[in-house]
């Protein structure tokens, strides 16, 4: 089964190397894999194959990435319980628990959401290619909540288009340290890889990262915290965590971008994908799915209210 070529338009404000442009627009691909794809003639720029990794790319250039046919991955279906909120022939809507990685990666060869989903819906094997069948968006390991998985190629492409065109509306609940400067607002700060820490993202200068926007609304305040609804307009890695930290209100329990010592009794960060509005394949009106707040997060709020 072959992946459809992925096409995007360079939105950087300056001239940049081809391999770096692809890294910024497709952060799930490693730099070495991108360079191999370029050398193998699988990258087109404005319709022409380009085989130089350092080729200069400008804003408005159209890049086409032709990922090779999926190879046997050795993925093993694992009988892991799933909290399925909705299912039809095209997709699954799952309430992912904190602590579960979405797809296999270095250090997480098993026990992932993909392993569990393959046991639940074996027909999705190979959908979307590589080692993450059916995956069209992700949640961080310690972020709980709603995630959608495609079960067919048609659904995979449909859902990819929904996310690419920003027609999916996501609502997260986040407890933050401190209080945002205004009861509601919009954070616009570009995001790119942290050059000094490969597992971190960072707020960057416009020419070094990709545009990112998050809207938020404070729904409850406490002496040292605030409960916030966050709506990511773009879908950058670690976006909400970075943006809330950027305005001086890191997510409670986020030891990567916030305080090293958590301000609440919690062994994860307080971020939950609570609501997702999306139009399903073959339908014309969007549906809204909701995932209840996990017990450990509800207990933190109860404790703050008691105090």
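Here, each number is a calculation from the coordinates, and none is a lab measurement. Remember, it's a predicted structure, so these values are computed and weren't measured experimentally. When we count neighbours, we look across all protein chains shown, and the Cβ atoms used for this are built from the backbone with ideal geometry, even at glycine.
Numbers at a glance
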read-out	value
Taking 197, 217, 25, 243 and counting other C-beta atoms within 10 Å, the order from fewest to most	197, 217, 25, 243
Equivalent ellipsoid, the chain (semi-axes from 5 times Cα gyration tensor eigenvalues, Å)	32, 25, 18
Relative contact order of segment 134-177, pairs being alpha-carbon contacts under 8 Å that are 6 or more residues apart, as %	32
Global form of segment 175-273, assessed from the alpha-carbon gyration tensor, a/c cut-off 1.5	oblate
Top of 263, 110, 284 by mean-square fluctuation, Gaussian network on the chain, Cα under 10 Å	284
Gain on full stretching of the segment that runs from residue 277 to residue 26 - 0.36 nm per residue minus C-alpha separation	88.0 nm
Label-point gap, in nm, between residue 265 and residue 40 - each point 7 angstrom along Cα→Cβ	5.2
Potential extension, residue 123-residue 161 segment - 0.36 nm per residue separation minus Cα distance	11.5 nm
Cβ-Cβ FRET estimate between residue 288 and residue 105, R0 fixed at 41 Å, reported to 0.05	0.85
Inter-probe distance in nm under a simple model that places probes 7 Å from Cα toward Cβ, at residue 205 and residue 79	5.7
Nearest 10 degrees, 0 to 90: helix 295-306 Cα axis against the chain principal axis	40
Cut-off 20 Å (backbone N to label point 7 Å along Cα→Cβ of residue 295), residues of segment 79-98	80-85, 95-98
Rounded FRET efficiency, nearest 0.05, which uses the C-beta distance separating residue 233 from residue 88 and R0 of 35 Å	0.80
Simple spin-label estimate for residue 196 and residue 56 in nanometres, 7 Å along Cα-Cβ	3.1
Taking all pairs of distinct alpha-carbon atoms in segment 6-65, Kirkwood radius in angstrom	11.0
Exposure proxy order (Cβ contacts within 10 Å, fewest to most) of 249, 10	10, 249
Cα gyration tensor, segment 71-165 - rounded (a/c under 1.5), prolate or oblate	rounded
